[in-house]
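Asks: To start, I am sharing the structure in question, which I have written as structure tokens.
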Amino acid sequence: MTIPHFEQGPIRPPSEAYSLLLRVTRNCPWNRCEFCHTYKEEKFSVRTVDEVKQDIDVVQEIVSEIRALSWKHGFGGELPVPLVNLILQDPKHDSDGFRSVAFWLYNGGNNVFLQDGDNLTLRTDELVEILKYLKKTFSSVERVTTYARAKTVSRKTVDDLQALRLAGLSRIHIGLETGYDSLLQYVKKGVTALEHIEAGRRVKESGISLSEYVILGLGGKGMWREHAVETAKVLNQINPNFIRVRTLKVLKTMLLFQKIEKGEFMLMSDNEMIEEERLLIEHLEGITSTFVSDHIMNVLQEVEGKLPEEKEKMLNLIDRYLSLPKEEKDNFRLGRRVGIYQSVEDLSKPELRNQVERVIQQIESKRPGDLEEILSELTESFI
Ligand code: SF4
């Protein structure tokens with residue numbers, strides 16, 4: 001039996017964990033950002049409308065097969081946990097595509113994320129055709145989202161973007177990273193703060209929901225203040241629906257690593273990045289965005305809320321953490337990185353603390369004095 005196959009790319013935003021991943025382009029047309037390694041060595045290409053439609057057909061074929069299995073096993077076309085387990089255990093269904101469609105259906109089959117890095121490079125009419133075909137094939141689909149570069153978005157008119165919205169595009173995720181022009185140049189983002197503002201405003205005007213991503217720590221010890229303040233200024237002018245933060249982690253494969261080796265770029269500590277996050281939030285003014293910290297790399301994932309009403313709450317959470325003694329902060333960071341703590345509140349739960357203390361004892365007996373290195377290794381495993 002041939003296992004039906006459709007193409008999927010390497011990444012998605014954390015908020016798309018339950019979405020069907022459908023590849024419209026391959027890799028990134030820019031591919032020069034010094035903090036990004038996702039598509040390094042890979043060439044950008046645009047898939048044809050027919051190729052993407054064929055993939056949608058394959059997904060539909062898999063959906064029909066899963067529904068038939070459900071009827072066969074007495075689940076009436078539904079996808080409850082026992083059927084998901086059956087699918088996962090059956091070597092006949094040992095394909096990423098089959099499993100991801102089962103997982104998608106199990107989670108409602110409502111959301112689709114279009115991969116890879118910059119799908120607005122397609123002509124508007126082509127993307128409209130794909131979106132319409134997707135919505136026609138799956139009536140359950142409510143939200144369709146994509147990544148796009150601000151530079152590419154700024155080449156689309158509001159009419160283009162509205163046409164995409166009407167065809168079913170619900171949200172665009174843009175990597176703002178920073179609003180500080182010198183830093184945008186330094187990390188070779190290939191876009192200016194002004195272009196970010198223009199692109200973001202255009203998305204908002206079209207009625208498509210907008211997520212702007214900011215990288216905590218991107219300014220390093222040298223530019224952190226400017227990074228936080230200038231980023232807030234850009235966000236204040238865009239007023240995106242979502243501001244999402246993620247924490248910088250530099251791998252050896254990233255070009256930024258060479259700047260660290262030369263002593264030109266100095267990484268910030270976790271605690272310094274939290275101070276930077278505070279400065280960023282403090283300067284967010286006059287906007288109604290939702291601040292989200294859903295990336296696993298972030299130390300304080302609980303710093304989330306709707307602006308402006310929850311700004312003080314977020315600042316207070318950060319202040320609470322920053323006021324902890326060093327040992328408590330270390331205890332928390334380790335507990336977070338090994339997945340024991342979810343929030344600072346958890347520090348007061350004896351059963352969780354005991355677990356973290358045991359991990360600390362193990363570290364002290366096996367690699368005394370290596371806590372920072374171990375924390376760094378743990379974060380590396382997240383990306
Ligand atoms: S534009 Fe996005 S995907 Fe492309 S290199 Fe930069 S960060 Fe990576």
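Asks: If I filter the stretch 191-201 down to residues being within 16 Å of the ligand (Cβ to nearest atom) and closer than 28 Å to LEU131 by Cα, which single residue comes out as surrounded by the fewest Cβ atoms within 10 Å (Cβ to Cβ)?
Replies: Filtering first and then ranking leaves GLU195.
Asks: Could you pull out the residue among ILE318, ILE296, ILE274, ILE360 that is touching a residue at least 24 places away in the same chain (Cβ under 8 Å) and over 23 Å from the mean Cα position of the chain (by Cα)?
Replies: So the residue among ILE318, ILE296, ILE274, ILE360 that is touching a residue at least 24 places away in the same chain (Cβ under 8 Å) and over 23 Å from the mean Cα position of the chain (by Cα) is ILE360.
Asks: Go through ARG278, ARG225 for me and flag whichever is surrounded by fewer than 18 Cβ atoms within 10 Å (Cβ to Cβ) and out of contact with any Lys or Arg (no Cβ under 8 Å at 6 or more places or on another chain).
Replies: When all the criteria are applied, what remains is ARG225.
Asks: Could you check the stretch 252-271 and list, in sequence order, the residues that are touching a residue at least 24 places away in the same chain (Cβ under 8 Å) and surrounded by 15 or more Cβ atoms within 10 Å (Cβ to Cβ)?
Replies: MET254, LEU255, LEU256, LYS259, PHE265, LEU267, MET268, ASP270, ASN271
Asks: A further question on this structure: Taking the condition out of contact with any Asp or Glu (no Cβ under 8 Å at 6 or more places or on another chain) and within 29 Å of CYS36 (Cα to Cα), does SER376 pass?
Replies: Yes.
Asks: How many of the residues in the stretch 1-25 are among the hydroxyl-bearing types (Ser, Thr, Tyr), within 17 Å of the chain's Cα centre (by Cα) and within 16 Å of the ligand (Cβ to nearest atom)?
Replies: Total meeting the criteria: 0.
Asks: Okay, moving on. Does GLU261 qualify as being farther than 29 Å from GLN115 by Cα and at pLDDT 95 or above?
Replies: yes
Asks: Assess whether LYS136 counts as being basic (Lys, Arg), within 26 Å of CYS28 (Cβ to Cβ) and at pLDDT 90 or above.
Replies: no
Asks: Still on this structure, I have one more. Just checking, which of ARG23, ARG47 is buried (at least 18 other Cβ atoms within 10 Å of the Cβ) and in contact with an Asp or Glu (Cβ under 6 Å, 6 or more places away or on another chain)?
Replies: ARG23
Rundown of residues vs (1) at pLDDT 95 or above; (2) within 16 Å of the ligand (Cβ to nearest atom); (3) within 30 Å of THR157 (Cβ to Cβ); (4) in contact with a Cys (Cβ under 6 Å, 6 or more places away or on another chain), yes/no style:
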residue	(1), (2), (3), (4)
VAL49	yes, no, yes, no
ILE56	yes, no, yes, no
VAL59	yes, no, no, no
LEU69	no, no, no, no
GLY117	no, yes, yes, yes
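Asks: I would also like to ask the following. Say whether the condition of being away from the ligand (no atom under 14 Å from the Cβ), surrounded by fewer than 22 Cβ atoms within 10 Å (Cβ to Cβ) and within 18 Å of the chain's Cα centre (by Cα) is met by at least one residue in the stretch 209-220.
Replies: So far as the stretch 209-220 goes, yes, one or more of its residues are away from the ligand (no atom under 14 Å from the Cβ), surrounded by fewer than 22 Cβ atoms within 10 Å (Cβ to Cβ) and within 18 Å of the chain's Cα centre (by Cα).
Asks: Consider SER381 carefully, then state whether it is at pLDDT below 90 and more than 14 Å from ASP270 (Cα to Cα).
Replies: So SER381 passes the test.
Asks: Against the conditions (1) within 26 Å of LEU176 (Cα to Cα); (2) surrounded by 14 or more Cβ atoms within 10 Å (Cβ to Cβ), where does GLY97 fall short? Just the number, please.
Replies: For GLY97, the failing item is (1).
Asks: While we're on this one: Residues that are of a type in the set (A, V, I, L, M, F, W, C): list the helices (runs of 4 or more DSSP H) wholly contained in the stretch 259-372 that include at least 3 such residues.
Replies: It comes to 270-282, 311-322, 350-366.
Asks: What about LYS151, is it within 16 Å of the ligand (Cβ to nearest atom) and of a type in the set (Lys, Arg)?
Replies: It is true that LYS151 is within 16 Å of the ligand (Cβ to nearest atom) and of a type in the set (Lys, Arg).
Asks: Take the residues of the stretch 199-252 that are assigned to a helix (DSSP H, G or I) and touching a strand residue (DSSP E or B) at 6+ places or on another chain (Cβ under 8 Å): which is nearest to LEU161 (Cα to Cα)?
Replies: Among them, the one singled out is VAL203.
Asks: Restricting to the stretch 26-42, and then to whatever is more than 18 Å from the chain's Cα centre (by Cα) and modelled with pLDDT of 95 or more, can you tell me which residue is nearest to the ligand (Cβ to nearest atom)?
Replies: TRP30
Asks: Also, quick follow-up: Can you find a residue that is polar (S, T, N, Q), without any contact (Cβ under 8 Å) to a residue 60 or more places away in the chain and buried (at least 24 other Cβ atoms within 10 Å of the Cβ) anywhere in the stretch 160-180?
Replies: The answer is yes, given that some residue of the stretch 160-180 is polar (S, T, N, Q), without any contact (Cβ under 8 Å) to a residue 60 or more places away in the chain and buried (at least 24 other Cβ atoms within 10 Å of the Cβ).
The values are calculated or read from the model by the stated rules, or taken from the named source; none is laboratory data. What you are looking at is a predicted structure, and each value in this text was computed from that prediction instead of being measured. Cβ atoms come from the backbone with ideal geometry, glycine included; neighbour counts cover every protein chain shown.
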